[in-house]
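Working notes, beginning with the structure itself.
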Amino acid sequence: MSLPELRNLTDRLSKHAVLPNLIPNLALRRAERTTGYEALMYEPMIYFVLQGEKQLSIGRKTLTYGAAHFLILSVDVPVNARVLQASNEKPFLGIEIRLSPDLAREGALEILPALPVEADPAFAVGSLSGATVDVLTRLTALMDTPADAAHLAPLYTRELLYRIGQGPQGHLLRDALRIGGQTVQVQRAIDWIKANFREKISIDRLADIAGMGVTTFHRRFKSVTNLSPGAYHKMVRLHEARRLLLDARTVLKRCLCGWL
């Protein structure tokens, strides 16, 4: 199967306002116009771009990725993201696979590459191979055949993990599925920051949560997230404030519509 086939399939399916949740951890993405930067909290995932182009800013690092490429993230990271190429005639099209820990049960982990000794950045951009396009097409096509999805989706998901795992970004997949490594230690500190974002952070406490010395923790946290622990904490607080503001605007709009 080819990239144009996958693109046409995704284009057709993503036109539906609501899609049934037939395939766990899979979501279709569509945009018919370019956007400005939007502050978001990205969780571990693989984001395949089939048409158009997207840009991501993580700390001082900027990643641009377009058709036939994918982004992989192995930890929770606050980002600024925007769609660079999209139109009504040629919309931005993407497929997102959320890398939840339960995917470890889908298998294929025994063939993933060993983790690096030092913690690498938790994000990377890769190129779609023909084999990956093939399995991703078969997985996405299951939205057309609900009766098959329950039986075949786990098999195709396992094959997809295998294909990504065999590439240069395979160690990030192992990180995302929490199979050992220093990134897992950093994720423990990230989980604490997100759960306690209203509190002042203590590097000593975060290092203890991660099971590292303070100097080692600070260096590896920044290596993984491209942010210092303090900058990460600040961005999480800004993201939460923005979310609360958007929620308040939504409630107000509903109240005004009801009153009118």
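Coordinate-derived values only; no laboratory data. All values reported here derive from a predicted model rather than from experimental measurement. FYI the Cβ positions are ideal-geometry reconstructions off the backbone, even for glycines, and counts take in every protein chain you see.
Counting only residues at least eight positions apart within a chain, or on another chain, the lysines with an alpha carbon under 29 Å from that of LYS200 are LYS61, LYS222, LYS234. Extension gain for the segment ASP204 to ASN21, taken as residue separation times 0.36 nm less the Cα-Cα distance, is 61.6 nm to one decimal. Here's how it looks for THR34: its modeled amide H is under 5 Å from those of ALA86, which are all 5 or more places away or on a different chain. With contacts taken as Cα pairs under 8 Å at a separation of at least 6 residues, the chain carries a relative contact order of 21 percent.
So what does log10 I(q)/I(0) come out to for the chain at q = 0.08, 0.10 Å⁻¹, using the Debye formula with one equal point on every Cα and no solvent? These q points yield log10 I(q)/I(0) values of -0.35, -0.55. Each label point was placed 7 Å from the Cα along the Cα-to-Cβ direction; for THR62 and LEU152 their separation is 4.2 nm. Sparse packing (at most 15 other Cβ atoms within 10 Å of the Cβ) combined with a DSSP loop state is found for the following trypsin sites (Lys or Arg not before Pro) in the stretch 1-47: LYS15, ARG33. You can think of it this way: the chain between VAL214 and ARG98 has 38.6 nm of extra reach, that is 0.36 nm per residue less the Cα-Cα gap. Full extension of the chain segment joining ASN196 with LEU238 gains 13.8 nm, where the gain is 0.36 nm per residue of separation less the Cα-Cα distance.
Estimated from helical segments only, the mean residue ellipticity of the chain at 222 nm is -14500 deg cm²/dmol, where each DSSP H run of four or more residues counts as -39500 (n - 2.57).
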